[in-house]
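Please read the structure below before turning to the comments.
Just so you know, all these numbers are worked out from the coordinates, no wet-lab data involved. If you're wondering where the values come from, they're calculated on a predicted model, not measured in any experiment. Here the Cβ positions follow ideal geometry from the backbone for every residue, glycine too, while neighbour counts run over all protein chains shown.
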Amino acid sequence: MTYSHFHMKEPVFVNDEIVGFFEVSIPRTERLAYVQSRSTLVFGASVVVVLFMSALIWFVLNRRINKPIQALRVDMDRFAKHVDSSESILYKKRDEIGELIQHFEQMKQETYEARKRVQQEQKEKETMTAALSHDLRTPLTSVLAYTESLQERELEPKTKEKYLATIRKKSLHMQQLIEDLHTFNLLKSDTVKERKVTIDGDEFFEMLTDGYDELCASKQITLNKQVNMSGSYDVHVNHMMRLVDNLVSNAIRHTPIGGEIHLLFQDAGQLPEWLFTQVDIDFQHFGVLIVQNEGETIDMVEANRIFEPFYQSDSSRTKEQGQHSGLGSVSQV
């Protein structure tokens, strides 16, 4: 029997002798047709299964790998072109691609924040440069004018003494501006770091309040000092001295003659009643420094900008004192 035919061959005997052979061959037409139809069906089913599996694999790969990678590539292109995008790539699986996207999103966020800081610092530098240029020009013009008068004119001794005093005053003012700028740059610098030291609270903060009585008395300003600090504290000594000096000096400049300034250090108990606005303080974690003075009020727009470097309100800028670092250095301590 073969695949295509049923074949049979037998010998023919006569008187126990072989006289020949007979052979029968029947074609297996139906069987062949059945097998061929089954083969075609199996082949077709196999092709369908292969196509289905290929489509399924492509779909899975495209959804889990190609689409996230494509989205990551597009976002990286936008990032490289400095196009800010607050939208994050939606991929919640915790696999290798998920970790890659997570790290990229973290890096992108850190870079955006760094860019904002750089832009803010650049804006501060531009504002500071403009303010210094404006307020150095005024005393410098006065110095040049008085110097020319001293050189080109014959002046009476009293007038000459007055001019020299004015030149000295304007020069000291410009020197103060430069020192303020130097202090501000030191506080902004990451390379200049000061270690904290442990100090006795009552003695150290009492020392910080000294040195302002005579200055206040010269302007007929009443200075009320209170130090309610106990225990030991870890502080940056020089930074704390700059902080207090900046706040008190700023208060003295803006307090009218006959006005009053309050200087308070406190780490426990109730805050005094003389505060303009009462606030709740959790003294378990920190103490407070309060400098309060009488003087002109400023609107909320300017109040939100008083800690910008070298910023002063328009009314303050027109005063004789001119420009100082203001409270910009305070925000850096």
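How high is the relative contact order of the range 128-187, given as a whole-number percent (alpha carbon pairs under 8 Å, six or more residues apart)?
Relative contact order comes out at 45 percent.
In nm², what is the average projected area of the convex hull enclosing the Cα atoms of the range 194-295?
Computed as one quarter of the Cα hull surface, the answer is 6.6 nm².
Rounded to two decimals, what is the ratio between the C-alpha radius of gyration of the range 67-140 and 2.2 N^0.38 Å?
The reported ratio for this selection is 1.76.
Could you list, in their original order, any pairs among LYS116/LYS170; LYS160/LYS219; LYS170/LYS196 whose Cα atoms are separated by more than 29 Å? Present the calculation step by step, with values, prior to reporting the outcome.
Details: LYS116/LYS170 37 Å; LYS160/LYS219 26 Å; LYS170/LYS196 37 Å.
Check vs 29 Å cut-off fails for LYS116/LYS170; LYS170/LYS196.
Can you tell me the equivalent ellipsoid semi-axes for the range 5-80? Use √(5λ) from the Cα gyration tensor, largest first, whole Å.
Equivalent-ellipsoid dimensions as semi-axes: 70, 11, 6 Å.
Take every Cα pair under 8 Å in the range 182-301 that's 6+ residues apart, average their separations, divide by the length, and report that relative contact order as a whole percent.
27
Using 0.36 nm times the number of residues separating LYS9 and THR198, minus their current alpha carbon distance, what extension gain do you get?
Separation in residues times 0.36 nm, less the Cα-Cα distance, equals 56.3 nm.
Using only Cα positions of the range 113-186, each an equal point scatterer, no hydration layer, compute I(q)/I(0) via Debye at q = 0.17 Å⁻¹ and quote the log10 values to two decimals.
Scattering profile of the range 113-186, log10 relative to I(0): -0.72.
From a point 7 Å beyond the Cα of SER88 in the direction of its Cβ, which residues of the range 45-74 have a backbone N at a distance under 16 Å?
72
Would you please give the residues with an amide H less than 5 Å from that of VAL227, counting only those at least 5 places away or on a separate chain, with H modeled from the backbone geometry?
Sorted by chain and number, the residues that satisfy this are PHE265.
Count neighbours as other Cβ atoms within 10 Å of each site's Cβ, and list the trypsin sites (Lys or Arg not before Pro) in the range 99-162 that are DSSP loop with at most 11 such neighbours.
ARG153
Taking the Cβ of ARG168 as the center, what net charge do the other residues with Cβ under 13 Å away carry, scoring Lys and Arg +1 and Asp and Glu -1?
Charge balance near ARG168 sits at +3.
Multiply the residue gap between ALA165 and GLN109 by 0.36 nm, knock off their C-alpha separation, and tell me the result in nm, one decimal place.
Taking 0.36 nm per residue and subtracting the Cα distance, the gain is 14.6 nm.
Report the local net charge at ASP234: Lys and Arg +1, Asp and Glu -1, summed over other residues whose C-beta lies under 10 Å from its C-beta.
Once all neighbours under 10 Å are counted, the net charge is +2.
How many nm separate the modelled label positions at ALA45 and GLN292, each set 7 Å beyond the Cα in the direction of the Cβ?
9.1
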